[in-house]
1. State which residue pairs qualify: first residue within 20 Å of T87 (Cβ to Cβ) and inside the stretch 38-54, second residue in a strand (DSSP E or B) and more than 16 Å from ligand 2 (Cβ to nearest atom) in any location, beta carbons under 6 Å apart, and separation of 6 or more residues or different chains.
2. Kindly indicate whether T413 is away from ligand 1 (no atom under 16 Å from the Cβ), in contact with a helix residue (DSSP H, G or I) (Cβ under 9 Å, 6 or more places away or on another chain), part of a loop (DSSP other than H, G, I, E, B) and modelled with pLDDT of 95 or more.
3. Please go through the stretch 54-108 and give me each residue that is among the basic types (K, R) and over 18 Å from G25 (Cβ atoms), ordered by number.
4. Could you pull out every one of the strands (runs of 3 or more DSSP E) wholly within the stretch 44-108 that has 1 or more residues that are over 31 Å from the mean Cα position of the chain (by Cα) and of a type in the set (S, T, Y)?
5. Checking the conditions here, which among R304, R256, R269 is of a type outside the set (S, T, Y) and away from ligand 1 (no atom under 15 Å from the Cβ)?
6. How many residues are away from ligand 2 (no atom under 16 Å from the Cβ) and among the basic types (K, R) if we restrict to the stretch 26-79?
7. Within the stretch 2-19, restricting attention to residues that are away from ligand 2 (no atom under 12 Å from the Cβ) and surrounded by 19 or more Cβ atoms within 10 Å (Cβ to Cβ), which residue is nearest to the chain's Cα centre (by Cα)?
8. Using beta carbons and a limit of 9 Å, which pairs, at least six apart or on different chains, have the first residue in the stretch 273-293 and within 16 Å of ligand 2 (Cβ to nearest atom) and of a type outside the set (G, A, S) and the second one part of a loop (DSSP other than H, G, I, E, B) and at pLDDT below 95?
Amino acid sequence: MEPFRFHLFVCTQQKPEGVQSCSAGGSAAVLDALDRETQGRGLNHDVQLTTCGCMGLCDEGPVMVVYPEGVWYRRVQPADVAEIVDTHLRGAKPVEHLVWNDAPAMKAMAVEHEEKFHAAMAARDKGGTLPDRLDQMIRGYMPSRCLLTALELDIFTAVGDGANAEQIGAKIHANVRAASMLLNALVALGLLAKSGDDFKNTPESARFFVQGSKDNHRNGLLHIANIWHRWSTLTDAVRTGTRIPIKRDETPEWTRAFISSMQRNAKDRAPLVVKAVGTAGVRRILDLGGGSGAYSIAFAKASRDVRCEILDLPEVVALTAEYVDRAGVAAQVTLHAGDMLQDDFGSGFDVIMLNAICHMFSEEENRDILCRAHRALAAKGRLVVQDFILNPDKTGPQHAALFSLNMLVSTDTGASYSEIEYTDWMKAAGFADVSRINLPGPSSLIVGQR
Ligand SMILES: C[S@@+](CC[C@H](N)C(=O)[O-])C[C@H]1O[C@@H](n2cnc3c(N)ncnc32)[C@H](O)[C@@H]1O
Ligand code: FES
């Protein structure tokens, strides 16, 4: 039984450079074209597109199979996709010149491929070759560093609608020889295209990295570029047990990129938090370390009756004010410049939020914040902690375990914590009905009631 009229499997297997594979033959572009064409013709609910690994027919790739008929196509190119969609998916007739139906030859090729593959793997293993997975992990910083440097130099904006290395080098005030090397590497990474001497942005780069584009993420991503420098101190931080201050830390530009990055993370999550917490009976919210104000803004927009107070560091609240004003909710949101480790929180709040806060502090600091939050809540008021929560043995999820190191290199005493730790601290602070709410994505809520 097929839940769809057609189920398409497209091989997107990647292989080491120089080895024939469907991905090297352009299967990603084929997949994109299939997605576009099936959507464009209103077939998206009838056709299931699935990527798959190597089928052993790599020399004839990109390879795809259409079920329920079991029709195999080889050497498919994006230009073939419209014909496949019209003739096969709409007209129920396979595209003959792409069909591969020589079953004995196909089977022989697949068997030979499998035998060669196992022999090559066995030879590598015997020779003590470093597995690809480890090799890629070791070198993983190289593509990342290229993209971060391109963002720091604002290369994608300089490329604009197309330019050569000299023009781009002049715009970003860079050495032309070195800029050419970076531009070529960005082409190799699929982030730029090159035609003759001219470089062009890919649609993705133009959308996400160019100043002026509606979906430009550069400002927030510069925070990742900034913390890359902190991660370079990881070895010494592990030796000494805490962060190693670096020169470029926490300038006004650093803070602006940080808060922009926080806003980028929070803007999609905030409505989910509002939904999980609800606004019934909620009048006063305290948003500790509110950053861009994304969560207070979402609550204010969800209910005209809600009033939010954001406490954040003096250098941040000026930026928070910009986001709150832009969202048009300034009448519902009050800003306080201060220090949550020292300042009195006030009293009578229905909800206190700690979104992405506890990971900055030690267990003792968090216990103290939770006790003071408990006192600042009205009867039956709720504390909402949002964070990346570790499993009990702290080895996962991967994002939370890596984020703990992000806090090691960024803070004096911060870390990721487990659900058991949060629950213990909240119960010790006097909270009842402590429970966890998982959100889509890497963070969860721990909620307790006074
Ligand atoms: C990781 S960000 C989270 C921002 C926001 N809650 C969110 O989730 O988007 C941490 C925030 O806490 C603020 N912060 C750090 N230390 C603080 C302190 N001692 N007192 C008040 N705010 C602080 C930072 O300025 C920053 O806005
Ligand atoms: S890589 Fe696609 S069939 Fe082998």
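The values are calculated or read from the model by the stated rules, or taken from the named source; none is laboratory data. Note that the structure is predicted; figures quoted are calculated from it, not measured. Virtual Cβ from ideal backbone geometry, glycine too; neighbours counted across all protein chains shown.
1. T38/V47; V47/F6; Q48/H7
2. When the stated conditions are applied, T413 does not pass them.
3. Matches in the stretch 54-108: R90, K93, K107.
4. 64-67, 71-73
5. Testing whether each residue is of a type outside the set (S, T, Y) and away from ligand 1 (no atom under 15 Å from the Cβ) leaves just R304.
6. 2
7. The qualifying residue nearest to the chain's Cα centre (by Cα) is L8.
8. As it stands, the answer is none, since no pair meets every condition given.
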